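Q: Right, I'll just put the structure down here and ask away after.
The values are calculated or read from the model by the stated rules, or taken from the named source; none is laboratory data. Given the structure is predicted, the values throughout are model-derived calculations rather than measurements. For neighbour counting, all protein chains shown are included, and Cβ atoms are generated from backbone atoms with ideal geometry for every residue, glycine included. Each accessible area value is taken on the protein alone, full model and side chains, heavy atoms only, with ligands, DNA and RNA left out. Shrake-Rupley method; radii C 1.70, N 1.55, O 1.52, S 1.80 Å.
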Amino acid sequence: AGRQHMRYQYVRAGQVPSLRMPDEACAYEIRYISGGSDIIRASTPIEVTSPEIVIQDIGEVEAGSNFNVRFSGGGHSGDFLAIFKPGDSISRYSSNKYASRGNTINFKAPNDVGTYVVHYISGQEKLEWASKEFTVKAKE
């Protein structure tokens, strides 16, 4: 029905509306809906695909040291990269940086040795779009 939607944009004469697509890859429909009666005047299907994001190998880093994470793709508003322990939920990251800062992000390694994961997380719906495991080793 006309009132069922995920997001919307008002249309004004002479303007081209812009809609940010959902993060989840899926088939959707864009509809033109009359404001007063909620009648669907036109619609078109659209397929949203996941972005191709690649995080380069990180390897080993020394505990507490600064290191770079390089990635390609993405960079949408609100997207971020974060450090997690393997298996942690999306809300349990130890450090995060916004992807809009560029394709090389500088992090400080955790102080505890062990295995960690950098995840690329979408800004709207907090979906994991890419990940790369790395190891934190003791200071030499």
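Q: Among the listed residues Glu47, Glu125, which satisfies the condition of being touching a residue at least 24 places away in the same chain (Cβ under 8 Å) and among the acidic types (Asp, Glu)?
A: Result: Glu125 is the single residue among Glu47, Glu125 that is touching a residue at least 24 places away in the same chain (Cβ under 8 Å) and among the acidic types (Asp, Glu).
Q: Restricting to region 27-51, and then to whatever is touching a Phe, Trp or Tyr at 6+ places or on another chain (Cβ under 9 Å), assigned to a loop (DSSP other than H, G, I, E, B) and under 30 Å from Lys97 (Cβ atoms), can you tell me which residue is most open to solvent (accessible area, probe 1.4 Å)?
A: Taking the candidates together, the pick is Ser50.
Q: Out of all the residues in region 91-130, which are of a type in the set (Val, Ile, Thr) and part of a strand (DSSP E or B)?
A: Of everything in region 91-130, those that are of a type in the set (Val, Ile, Thr) and part of a strand (DSSP E or B) turn out to be Thr104, Ile105, Thr115, Val117, Val118, Ile121.
Q: Where residues in region 1-26 are of a type in the set (A, V, I, L, M, F, W, C) and farther than 30 Å from Ser72 by Cβ, which of them is most open to solvent (accessible area, probe 1.4 Å)?
A: Checking each candidate, the answer is Ala13.
Q: When region 72-90 is examined, which residues are found to be part of a loop (DSSP other than H, G, I, E, B), surrounded by 14 or more Cβ atoms within 10 Å (Cβ to Cβ) and more than 11 Å from the chain's Cα centre (by Cα)?
A: Lys85, Asp88
Q: Let me ask something else. Within region 91-125, count every residue that is within 15 Å of Val54 (Cα to Cα) and in contact with a Pro (Cβ under 7 Å, 6 or more places away or on another chain).
A: 1
Q: Return the only residue of Arg3, Arg41, Arg12 being touching a residue at least 12 places away in the same chain (Cβ under 8 Å) and not small (Gly, Ala, Ser).
A: Of the residues listed, the single one that is touching a residue at least 12 places away in the same chain (Cβ under 8 Å) and not small (Gly, Ala, Ser) is Arg3.
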